[in-house]
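Throughout, read-outs are computed from the coordinates displayed, never taken from laboratory work. Owing to the predicted nature of the structure, the values given are computational and were not obtained by experimental measurement. We place every Cβ from the backbone using ideal geometry, glycine too, and count neighbours over all the protein chains shown.
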Amino acid sequence: MLRILFPLLLGVSGVVVLVALGFWQLDRLVWKEAVLADIDARIAAEPVAISINPDEAIDEYSAVTFSGIPGDVELHVLTSGTAAGTGYRVIRAFMLADGRRILIDLGLLPLDAKSETLPVMQGPVYVVGNLIWPDDMHDATPEPDIAKNIWFGRDLVNMARVLDTLPLMVVAAQMSTPPPHTTLLPVNTENIKNDHLSYAVTWFGLAIVWAAMTLFLISRILRAKDTE
């Protein structure tokens, strides 16, 4: 009995830990689904005017509507994995009717259209979209190639500085005069990762494997004892 005590304790402890991790991931799954449901509700809500001082914690993904005049200068963000394929997200300044200047994401420009003459968008333009504080920027994100106008993430602060706007971005979903050179990419939750179910399955699977290996080890110990 003493021979199997240690592997038995090790096996039971391992199974308990792995099963606990699996249930923790299930709890995380419930939490993440609630977060995604809240985001979906914000996206689908009746659009309202942009408040004077939008707050990321409260207003991100909120549906907004406004009118104004788009700027003529574009910043191009190299992007892949969108519903429209690979290309450049187009960011322009946008002058609101109340005089504030914000950033607007006008969707995807095809790769082969980058060198074409920029279209002039006459105003006023009426827009329905969603406020967003992009999380594109990471430690490994390259610096933008200013000379070629290629950015590698929607760098809210630096883009606002370059285009002389507030650090506030709206992703356009509908426009009274859609941009002729891009495909709008309305905000959705499809690309927000939610892998907690697969993580839970992995932990539970490892618990089963751990238990099977423990039983196999104990059976070998017992067989070895019988042959002595």
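Here r is the Cβ-Cβ distance between I218 and R28 and R0 is 30 Å; the resulting FRET efficiency, rounded to 0.05, is 0.35. Mean separation of Cα pairs under 8 Å and 6 or more residues apart, divided by the residue count, gives segment 62-175 a relative contact order of 33 percent.
Taking Cα atoms only, the orientation of helix 2-44 departs from the longest principal axis of the chain by about 20 degrees. The modelled label-to-label distance between Q122 and L5, using points 7 Å beyond Cα along the C-beta direction, is 9.1 nm.
For a modelled paramagnetic label at E190, 7 Å from Cα along Cα-to-Cβ, the residues of segment 57-90 in reach, with backbone nitrogen under 13 Å, are 81-86.
Between helix 196-226 and the chain there is an angle of about 10 degrees, using the helix long axis and the longest principal axis of the Cα atoms. Each stretch of four or more DSSP H residues adds -39500 (n - 2.57); spread over every residue of the chain, this sum gives -13000 deg cm²/dmol at 222 nm.
Given (1) 92, 37, 26; (2) 47, 38, 37; (3) 45, 44, 32, which label gives Cα extents along the principal axes in Å as computed from the coordinates? The calculated read-out lines up with (1). Contact order for the chain, expressed relative to its length and based on alpha carbon pairs under 8 Å spaced 6+ residues apart, stands at 27 percent. With the charge dipole of the chain set up from +1 on Lys and Arg Cβ and -1 on Asp and Glu Cβ about the Cα centre, the Cα lying farthest toward the positive end among the listed residues P7, P180, A49 is that of P7.
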